[in-house]
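**Q** Quick one: this structure, given as structure tokens, is what I'll be asking you about.
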Amino acid sequence: MSSRDIDLRMELPPTLDAIEKFCAEFQLWRQGACANLDSFSSELLLREALTNSVVHGCSGDPGKRISCVLRAKRDRVVIAIRDEGAGFDWRAAWDRQAEPEDTHGRGIEIFRRYANAVRFNPKGNSVTLVKRFQRVNEI
Amino acid sequence: MNDEMVSQGVATPEKVRPEVVRLEGDLVAAGLPALRSKLKEMVAAGVHHLTIDMAGAHLVDSAGIGLLISAHNSLKKAGGGLTVIHASKDVMELFRTMRIHQHFTVSGS
């Protein structure tokens, strides 16, 4: 990824408040960089990735940081989130479907259903999500 | 209300009419601790039927879904349940996608 392709890059502390601030920043960026990108599903994907990093990846450790890179390409947005945690076994979680009474375990399913592509690194502390959209003036 | 239920050894009036909680923001991880406390207090006070009005919530994440299910599970144990009303089109689609509408009653705006 060349530096000129990077549209929004931030490093966050592992707090839920930081997610709120970054999502507000994301919506401003989205309106400028890719207004046709679906607001609901893209923010949902971003929130799920960030919440996983804050709650599970960093486990509230204030010494850890979360790297966020958002990149608008011609017809897609790439959301790349990496934390400094130990990672997790995403392969085991990939096909899991929460039972109706379960109060956890729906984040990965949201990735599967709302993103056009999902890629984890082997360690499981980095996820890249792709969401496609149609350009405003595209026929 | 004549019916009474016994909860933890203390007789409390059963709340037959659904109580309504109106959300004033998105149902996402950062806002859940306060809402969770409020719902716990209501259940402890004898509320069995609870309606969540989502007209003020544009977005729900998996943590928010988890809280709704947790609340419904608690209410169901007491013989009641949760109802969600005024969900936006996007939130309704999320609930259907995640099969939440099979667990408790949800309706759109």
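Read-outs throughout are calculated quantities, based only on the coordinates presented, and are distinct from any laboratory measurement. Note that the structure is predicted; figures quoted are calculated from it, not measured. FYI the Cβ positions are ideal-geometry reconstructions off the backbone, even for glycines, and counts take in every protein chain you see.
**Q** Could you grab me the full set of residues in the range A:79-101 that are over 18 Å from the mean Cα position of the chain (by Cα) and assigned to a loop (DSSP other than H, G, I, E, B)?
**A** Within the range A:79-101, the subset over 18 Å from the mean Cα position of the chain (by Cα) is A:92, A:95-101.
Within the range A:79-101, A:ASP95, A:ARG96, A:GLN97, A:ALA98, A:GLU99, A:PRO100, A:GLU101 qualify.
**Q** Restricting to the range A:12-25, and then to whatever is in a helix (DSSP H, G or I) and touching a residue at least 24 places away in the same chain (Cβ under 8 Å), can you tell me which residue is nearest to the other protein chains (Cβ to nearest Cβ)?
**A** Within the range A:12-25, the first condition is being in a helix (DSSP H, G or I), and the residues that meet it are A:16-25.
Of the ones still in play, those that are also touching a residue at least 24 places away in the same chain (Cβ under 8 Å) are A:16, A:18-19, A:22-23.
Working: A:LEU16: 4, A:ALA18: 9, A:ILE19: 6, A:PHE22: 11, A:CYS23: 8 Å.
Looking at the filtered set, the residue picked out is A:LEU16.
**Q** Do any strands (runs of 3 or more DSSP E) lying entirely in the range B:43-109 carry at least 2 residues that are buried (at least 17 other Cβ atoms within 10 Å of the Cβ), and which ones are they?
**A** Details: elements: B:49-53, B:81-87, B:105-108.
Because the criterion is at least 2 residues that are buried (at least 17 other Cβ atoms within 10 Å of the Cβ), the strands (runs of 3 or more DSSP E) in the range B:43-109 that meet it are B:49-53, B:81-87.
**Q** Tally the residues that are within 19 Å of A:THR128 (Cα to Cα) and more than 11 Å from every other protein chain (Cβ to nearest Cβ), restricting the search to the range A:26-41. Explain how you work it out, then say what you get.
**A** Filtering the range A:26-41 down to residues within 19 Å of A:THR128 (Cα to Cα) leaves A:26-27, A:29-30, A:33-34, A:37-41.
Next, only the ones that are more than 11 Å from every other protein chain (Cβ to nearest Cβ) stay: A:26, A:29-30, A:33-34, A:37.
Selection size over the range A:26-41: 6.
**Q** Sort out which residues of the range A:25-52 are within 12 Å of B:ASP61 (Cα to Cα) and of a type in the set (S, T, N, Q), and write them in order of number. Explain how you work it out, then say what you get.
**A** Residues of the range A:25-52 that are within 12 Å of B:ASP61 (Cα to Cα), as a first pass: A:40-52.
Scanning the range A:25-52 gives A:SER41, A:SER42, A:THR51, A:ASN52.
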